[in-house]
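Here the structure is laid out as structure tokens; the discussion comes afterwards.
The values are calculated or read from the model by the stated rules, or taken from the named source; none is laboratory data. Computed from a prediction, not measured in an experiment: that's the story for all the values here. Here the Cβ is made from the backbone with ideal geometry for all residues, glycine too, and neighbour counts use every protein chain on show.
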Amino acid sequence: MSGTSHFLYRPGWLACRVFYKLFGGVRVVGRENLPPDGRFLICANHASLLDPPAVGLAFRSPIGYLAKKELFSIPLFGPLLRTVGAIPVDRSRLGKGTLDAIAYLLNTGIPVLVFPEGTRSRTGRLGRGKAGVGLLAREMAVPLVPTYVHGTRYWPRTWKKANRICVDFGLPIRAEWVAGTAADKTGYQGIADRLMSEIQTLRDCHRAASALSPDPASTGDCFEHRLYARTGKSQ
């Protein structure tokens, strides 16, 4: 992965799977929406440090992660990030090295997880997406998969069945649509805003489903996903 050592990725994935399984596991909805070639950006909401491994558990093969560069200077944690192939990011600018590393992963069929909000939500509400994710989307020219992660904010306190973690993949936003947006800050922000709108739709449908069922993520044919599919918003 991007020329970095990632020999701990699989053992780490297995360890996370066992750990999360102890608290109800991770339910995955919408896998059929994932482009089969692996060349896409996973664009998810961010409410907890548990979000990246939860999304990673939704995939059998490795995915790429972005992490703010400051984390790589933390003893033990920084080297750990490198062993799983995480890519350091300067949140003030997208440097060529970062773009090249992301492009390398995508071109080898490894999807990359990004958080459009740029940081964790402290309230649980969705924040506004950053224009930088729009710039990244245009540079990479790949589909964007809106993703809603539910249940990590207060986990494992809410480990009971009704509050288990759910990763919901929405319908992809086509690369052609992204390419048709303006190559300026307004265009980049427009991409970010649409992503967050799609994630909000997934969140709203999840909450509506939760009101009707104590465990809306209990099957692959999740009710909130059927609601979302009817909206017809994604292209």
Odd one out for Ala58 among (1) of a type outside the set (Phe, Trp, Tyr); (2) surrounded by fewer than 19 Cβ atoms within 10 Å (Cβ to Cβ); (3) under 24 Å from Thr201 (Cβ atoms); (4) touching a residue at least 24 places away in the same chain (Cβ under 8 Å): (2)
Answer residue from region 7-43, given it is at pLDDT 95 or above and either over 26 Å from Val178 (Cα atoms) or of a type in the set (A, V, I, L, M, F, W, C) (or both) and is surrounded by the fewest Cβ atoms within 10 Å (Cβ to Cβ) among those: Leu34
Hits in region 84-98 - residues which are out of contact with any strand residue (DSSP E or B) (no Cβ under 9 Å at 6 or more places or on another chain) and crowded, with 16+ Cβ neighbours inside 10 Å: Leu94
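Can you report the number of residues in region 87-118 which are touching a Lys or Arg at 6+ places or on another chain (Cβ under 8 Å) and part of a loop (DSSP other than H, G, I, E, B)? Let's see the steps before the verdict.
The first filter runs over region 87-118 and keeps only residues touching a Lys or Arg at 6+ places or on another chain (Cβ under 8 Å), leaving 88-91, 106-107, 109, 111, 116-118.
So of that shortlist, the ones also part of a loop (DSSP other than H, G, I, E, B) come out as 90-91, 109, 111, 116-118.
Number of matching residues: 7.
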Verdict on Arg60 being in a loop (DSSP other than H, G, I, E, B), modelled with pLDDT of 85 or more, of a type in the set (Lys, Arg) and over 18 Å from Arg138 (Cβ atoms): yes
Long-range neighbours under 7 Å by Cβ, at least six apart or interchain, first residue touching a residue at least 24 places away in the same chain (Cβ under 8 Å) within region 16-36, second of a type in the set (Lys, Arg) and assigned to a loop (DSSP other than H, G, I, E, B): Gly24/Arg164; Gly25/Arg164; Arg27/Arg164
